[in-house]
Amino acid sequence: MKIIKFVSVAIAIVLFASCTKKENTISSIDKRVDSLISLMTLEEKIGQLNLPSAGAFVTGSVESSDIAKKIEQGKVGGLFNIKTVANIREMQKIAVEKSRLKIPLIFGMDVIHGYESVFPIPLGLSCSWDMKLIERSARIAATEASADGINWTFSPMVDISRDPRWGRISEGSGEDPYLGSQIAKAMVTGFQGNDLSANNTIMSCVKHYALYGASEAGRDYNTVDMSHNRMYNEYFPPYKAAVDAGVGSVMASFNEIDGIPATANKWLLTEVLRNQWGFNGFLVSDYTGVSEMINHGIGDLQTVSARALDAGLDMDMVSEGLLTTLGKSVSDGIVTEQQITEACRRILEAKFKLGLFDNPYKYCDDSRAKSEVFTDANRAEARSTAAQSFVLLKNANNILPIKKSGTIALVGPLADAKENMTGTWSVAARFSESISVLEGLKKAVGTDAQIVYAKGSNLTEDEVLENNSTLFGKGLHRDKRTAAQLREEAVRIAQGADVIIAAVGEAAEMSGEAASRSNIEVPEIQRELIQALVKTGKPVVLVLFTGRPLALAWEDKNVSTILNVWFGGSEAGDAIADVVFGDVNPSGKLSTTFPQNVGQVPIYYAHKNTGRPLSGPWFQKFQSNYLDVSNEPLYPFGFGLSYTTYSYSDIKLSSPGMNASDSLVVSVDVTNTGSREGKEVVQLYIRDIIGTITRPVKELKAFEKIYLAAGETKTVKFTLHQSDLSFYNADLKFVAEPGEFHVFVGGNSRDVKQASFVLK
Ligand code: NOJ
């Protein structure tokens, strides 16, 4: 008996080893995984499902102790929150030299918007509407992260959100399923490239599956409840787009869906993701997502762990629920060893795809770490990308761009705040080397102009709120002087200046995880500062920092110029100077609606018509509107100004009708009617007039960012296919229904030209 077992293990080792140098084709990976699995004990298989956090940057409680020992015992499949080649090599060495089967670890990290060269926060990046640019940002992030030992990123975050109270709206691409899907694809392609086994590509993990951005009241981790119709048509598309783009892994979200937490939701994880969409990578929980199901109230650790595995989850981030209870669950007959084998197989497959079995140290190259991270070229790309993400919200009297001459007063709590420039989720950033607005402006003007600076105000009067909004080393150096003293100093310097730039808004950690706000206005104390600055009679430019759409009705009414700069990344200050002085013409367009006030939330352009739509002026009794605020947003989806102006011709259609198998070409002439070159995002929306289920009043279906020299006209052509007119009907079938469609083209979702056609 013993001899037979010895012989079969020996054969398996030979088979596994004989394949190790082969090309990573699907069939060769299958064989290698099979032979490896045949060598594994149940405990070793369960060990692969365990993902402890290794580092100091944590987003919850730390459950795992003595990680090195666990790696040696084969109880760890991967680690995250660990960086640098030296640290990663040390951990990998334990896995491949000391554990019985020498299975390499996978190393994850939240490489969200750049690595050390930090790009704008995702919400800002999405406002570039430039897919090549976004893909390149992910490519650079992957190059830098992989040069530092990392091979797996928890990105992209593609949660649609229509609630700016939710802090994590900053981490996604806004409110729209179509734009969000294009960006999901660009990010996955950027991270993974076309060869996952190359040493400068990393595995992407799309998150948070699913619907996390619809948490009730915008409070993080809160309950989600949504119709399947809305899921399929509005919230699912970006996750599906990532799967279609070949994403290697998916992260389950914290929220419940139909009363079952996503982490244990079999319909979501297996039926939709694997069966309907054909996902064949591995599924990881979010941070303690497994053990949190005890609080959700669906069982003890053994029960929730078994439910997660049964639902289709493969890897457990931090909880150690799978590690500590699955053995017992097999003995108790609650789960089968086969289910564990399947989960283990998917994780091993990912490691094979990354080429870790061929060379576990392939990402541990000291010379790459020295030469490929935070390079001048990457920083230059981060700078130009940041400038593309800024959205010019208001520019009355064309105060922007300003001249590099005279005296410029720079005030505000975000003006000299380098630690805040990178925004939320920038764990690898070198804060001390980020470029502040003060530095950026000074560098840009040299000796041609004088920049005078005063802080003007703290972030907020509430010290506790300021502390909670400036975590993770992103302090704002609270000034002990009174608000009046700070303001007076700012007004004094402003009075002697030709123009005032006020760098105001939110701190970096006022958005992001567990950073929801019930009041989405600029903090009162900063508003008082702005008011005092406006009173000087000098032109005031707001350089507005924010991780979410803010309610800016007061600012819009009282200040002539607002440039929304989100959090632009490590080079933010230089990029802001580029735009403020007109070296770059702003071209960003909003990917989320800006409300007039928080009471309008959720407000989004692709709403339904209702049975009592407001037609005609606001207010009308017994129509769908408010007594105290109109239905209009402050700034609509797709909106953003430029230093030049554009005009749109009427729409031309290639035909008044379209057969299901045909296509229809929609064309429009766009002219740069101003005196300087610029880029314009030309947007196409449709409306399906009559459907078997209600359809939104507008839906983005295509866009193109074009460059126009002053005076130049370009004809932009969009081709619509049946799939562009399709939606998930009451039976969740993806269909296009014959009938009339409106098509709209314009520079934002509100100001559009319109035409109609019929789908036969
Ligand atoms: C919790 C967050 O929800 C998720 O986005 C992140 O990837 C993990 N923590 C790991 O840091």
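The values are calculated or read from the model by the stated rules, or taken from the named source; none is laboratory data. These numbers come from a predicted model, not from an experiment. Cβ placement follows ideal geometry from the backbone for every residue including glycine, while neighbour counts extend to all protein chains displayed. Surface areas here come from the heavy atoms of the whole protein model, side chains and all, with no ligands, DNA or RNA. Shrake-Rupley method; radii C 1.70, N 1.55, O 1.52, S 1.80 Å.
Looking across the range 218-229, the residues that are farther than 23 Å from Phe734 by Cα and either touching a residue at least 60 places away in the same chain (Cβ under 8 Å) or within 13 Å of the ligand (Cβ to nearest atom) (or both) come down to Gly218, Arg219, Asp220, Tyr221.
Only one of the listed residues (Leu356, Leu322) is at pLDDT 95 or above and not in a loop (DSSP other than H, G, I, E, B). That residue is Leu322.
Please go through the range 159-179 and give me each residue that is open to solvent by less than 10 Å² (accessible area, probe 1.4 Å), of a type outside the set (Lys, Arg), within 15 Å of the ligand (Cβ to nearest atom) and out of contact with any His (no Cβ under 8 Å at 6 or more places or on another chain), ordered by number.
Ser161, Trp166, Gly167, Ile169, Ser170, Glu171, Gly172
Restricting attention to the range 423-451, which residues are assigned to a loop (DSSP other than H, G, I, E, B) and away from the ligand (no atom under 16 Å from the Cβ)?
First, pick out the residues of the range 423-451 that are assigned to a loop (DSSP other than H, G, I, E, B): 423-430, 434-436, 446-448.
Matches in the range 423-451: Arg430, Ser434, Ile435, Ser436, Gly446, Thr447, Asp448.
Count of the range 403-415 residues, restricted to those that are buried (at least 20 other Cβ atoms within 10 Å of the Cβ) and assigned to a loop (DSSP other than H, G, I, E, B), is 4.
Residues of the range 671-706 that are open to solvent by 30 Å² or more (accessible area, probe 1.4 Å), under 19 Å from Ser756 (Cβ atoms) and small (Gly, Ala, Ser): Gly691 alone. The residues of the range 69-103 that are within 16 Å of the ligand (Cβ to nearest atom) and open to solvent by 30 Å² or more (accessible area, probe 1.4 Å) amount to a single one, Lys83. Taken together, Ala444, Ala449 contain a single residue that is open to solvent by less than 20 Å² (accessible area, probe 1.4 Å) and either out of contact with any Pro (no Cβ under 9 Å at 6 or more places or on another chain) or among the hydroxyl-bearing types (Ser, Thr, Tyr) (or both), which is Ala449. Pull up the range 598-627, narrow it to residues that are in contact (Cβ under 8 Å) with a residue 12 or more places away in the chain and of a type in the set (D, E, K, R), then point me to the one that is farthest from Val681 (Cα to Cα). Checking each candidate, the answer is Arg612. Residues that are surrounded by 20 or more Cβ atoms within 10 Å (Cβ to Cβ) and hydrophobic (A, V, I, L, M, F, W, C) within the range 503-524 comprise Ala503, Val504, Ala507, Ala508, Met510, Ala515, Ile520, Val522, listed in sequence order. For the range 338-353, state whether one or more residues are open to solvent by 10 Å² or more (accessible area, probe 1.4 Å), in contact (Cβ under 8 Å) with a residue 24 or more places away in the chain and on the phi > 0 side of the Ramachandran plot. No, the range 338-353 has no match at all.
Looking at Ala138, Ala145, which is the one that is closer than 17 Å to Val158 by Cβ, within 16 Å of the ligand (Cβ to nearest atom) and not polar (S, T, N, Q)? So that I can check it myself, show each step before the final result.
Working: Ala145 fails: closer than 17 Å to Val158 by Cβ.
When all the criteria are applied, what remains is Ala138.
Of the residues in the range 315-322, not one is open to solvent by less than 10 Å² (accessible area, probe 1.4 Å) and over 23 Å from Lys207 (Cα atoms). Do the conditions hold for Ala210, that is, is it open to solvent by 10 Å² or more (accessible area, probe 1.4 Å) and under 18 Å from the mean Cα position of the chain (by Cα)? So Ala210 fails the test.
Consider Ile530 carefully, then state whether it is part of a loop (DSSP other than H, G, I, E, B), open to solvent by less than 10 Å² (accessible area, probe 1.4 Å) and of a type in the set (Val, Ile, Thr). Don't jump to the end; show me each part of the working.
Numbers: part of a loop (DSSP other than H, G, I, E, B): no; open to solvent by less than 10 Å² (accessible area, probe 1.4 Å): yes; of a type in the set (Val, Ile, Thr): yes.
Answer is no for this residue.
All conditions but one from (1) under 30 Å from Val598 (Cβ atoms); (2) in a loop (DSSP other than H, G, I, E, B) apply to Lys75; the one that does not is (1). Filtering the range 382-397 down to residues that are in a helix (DSSP H, G or I) and surrounded by fewer than 20 Cβ atoms within 10 Å (Cβ to Cβ), which residue is modelled with the lowest pLDDT? Looking at residues that are in a helix (DSSP H, G or I) and surrounded by fewer than 20 Cβ atoms within 10 Å (Cβ to Cβ), I get Asn397. Here the range 251-286 is the region considered, the condition is being assigned to a loop (DSSP other than H, G, I, E, B) and surrounded by fewer than 18 Cβ atoms within 10 Å (Cβ to Cβ), and the residue that is farthest from the ligand (Cβ to nearest atom) is Gly278.
Across the range 180-207, the qualifying residues are those that are among the hydroxyl-bearing types (Ser, Thr, Tyr) and within 14 Å of the chain's Cα centre (by Cα), and the one among them that is nearest to the ligand (Cβ to nearest atom) is Ser204. Selection of the range 567-593 for residues being among the aliphatic types (A, V, I, L, M), over 11 Å from Val437 (Cα atoms) and surrounded by 24 or more Cβ atoms within 10 Å (Cβ to Cβ) yields Val579, Leu590. So, in the range 287-314, of the ones that are part of a loop (DSSP other than H, G, I, E, B) and without any contact (Cβ under 8 Å) to a residue 12 or more places away in the chain, which residue ends up surrounded by the fewest Cβ atoms within 10 Å (Cβ to Cβ)? If we take residues in the range 287-314 being part of a loop (DSSP other than H, G, I, E, B) and without any contact (Cβ under 8 Å) to a residue 12 or more places away in the chain, then Gly297 is surrounded by the fewest Cβ atoms within 10 Å (Cβ to Cβ). You will find that of Ser511, Ser560, Ser591, the residue that is touching a Ser or Thr at 6+ places or on another chain (Cβ under 6 Å) and away from the ligand (no atom under 16 Å from the Cβ) is Ser591 and no other.
One residue stands out in the range 468-499 among those that are in contact with a strand residue (DSSP E or B) (Cβ under 6 Å, 6 or more places away or on another chain) and under 14 Å from Pro413 (Cα atoms): the one that is surrounded by the fewest Cβ atoms within 10 Å (Cβ to Cβ), namely Glu489.
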